[in-house]
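The values are calculated or read from the model by the stated rules, or taken from the named source; none is laboratory data. Predicted model, so just to flag it, every value in this text is computed and none were measured. Cβ: placed from backbone, ideal geometry, glycine included. Neighbour counts: every protein chain shown. Protein only, heavy atoms only, side chains kept; ligands, DNA and RNA dropped before computing areas. Shrake-Rupley method; radii C 1.70, N 1.55, O 1.52, S 1.80 Å.
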Amino acid sequence: MKLTKDYPKQHPKVSEAELKEILQGQDTISDPSSAEKLSLWKTIKHPTILFTAVAFFAYNYNNFFFLTWFPSYLTDAKNLTVHDMSIVTIIPWLVGAIGLFFGGFISDYIYKKTKKLMFSRKVILVTGLFGSAICVGFVAIVETATAAVALMAIAVFFLYLTAKIYWAIIQDTVPSNNVGTAGGFVHLISNISGIIAPTVTGFLVQSTGSFSIAFYLAATLAILGALVVVFFVKPIKTAKEKKLNQISM
């Protein structure tokens, strides 16, 4: 059923503002070609898309670092047996699953309270990446396997809070005709970390004889990801919005 402007009169509980938002959404869905089209280059070079990709790269670098090297860290640096390692390494991912589940809910809750869509996304990204970075950094200096596993569990929780937000930012800010392009670019940059993280970590461990530098690098990248989100990830203004701003000036 397509809504009309007479709907609030027939249903007083629907405000004029709510109707306007619904009708705008209907127009976009009913006529996707009416959405503003951007070239591939303009889409991927926009700071919001480019630096969301950087933040997502930092996320996935830490993720692949944990997946590929944390078990070796426990056996080589903390002297756990393979049997014990296979049990305790389950803990971070169980805790991380909780973060993965709640990240989107928390972001939506913040949006409902503040009515600031981009803020509700950014606060999760910044908090999650910073929280993960702090925990990863401390893993490099703790002495016991128990402390290392506990810190890694908290790190993965914070990291996975952000997992769904990268895609949410793309959907929130990019015109509908460019969502696939932007999403593909962001995931391309992010998944390159799956090649880099295991390789760089192996090189650092072999050359230094320690995991410390590898942990510090992962933490630094997470902090970098949080900082670029703070300063460069902003709502993308459409051509129509830009014209309105020029007229109002």
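What is the gain in length, in nm to one decimal, between Lys115 and Ala97 on full extension, counting 0.36 nm per residue of separation less the C-alpha to C-alpha distance?
On the way: separation 18, 0.36 × 18 = 6.48 nm, distance 2.74 nm.
Result for the pair: 3.7 nm of gain on full extension.
Please report the carbon-and-sulfur percent of the accessible area for segment 92-163; probe 1.4 Å, protein heavy atoms only, DNA, RNA and ligands left out.
75 percent
Could I have the simple spin-label model distance between Lys164 and Asn191, label points 7 Å from Cα toward Cβ, reported in nm to one decimal?
Computed distance between label sites Lys164 and Asn191 equals 2.1 nm.
Given a Förster radius of 22 Å and the C-beta distance between Leu40 and Val179 as r, what FRET efficiency does 1/(1 + (r/R0)^6) yield to the nearest 0.05?
Details: r = 13 Å, r/R0 = 0.59.
E between Leu40 and Val179, to the nearest 0.05, is 0.95.
Working out 0.36 nm times the residue gap between Thr144 and Val230, then minus their Cα-Cα distance, what length gain in nm do you get to one decimal?
Between Thr144 and Val230, full extension yields 27.5 nm more.
Apply the a/c threshold of 1.5 to the C-alpha gyration tensor of segment 105-192 and tell me whether it is rounded, prolate or oblate. Provide the component values of the computation, followed by the final result.
Working: a/c = 3.76, a/b = 1.75, b/c = 2.15.
Oblate is the answer for segment 105-192, as a/c is 1.5 or above yet b/c matches or exceeds a/b.
Rounded to the nearest Å, what's the spacing between the alpha carbon centres of segment 160-195 and segment 74-107? Just the number, please.
Distance between centres, Cα-based: 25 Å.
Starting from the eigenvalues of the Cα gyration tensor, five times each then square-rooted, give me the equivalent ellipsoid semi-axes of segment 47-126, largest first, whole Å.
Numbers: eigenvalues 225, 54, 10 Å².
One finds semi-axes of 34, 16, 7 Å for segment 47-126.
By per-residue mean of other Cβ atoms within 10 Å, what is the highest-first order of 190-198, 159-167, 141-149?
159-167, 190-198, 141-149
Could you check the spin-label model distance between Ile134 and Ser72? Points 7 Å from the Cα along Cα→Cβ, value in nm.
3.0 nm
Please work out the FRET efficiency for the pair Asp84 and Ser207, using the Cβ-Cβ distance as r and a Förster radius of 35 Å; give the result to the nearest 0.05.
That gives a FRET efficiency of 0.80.
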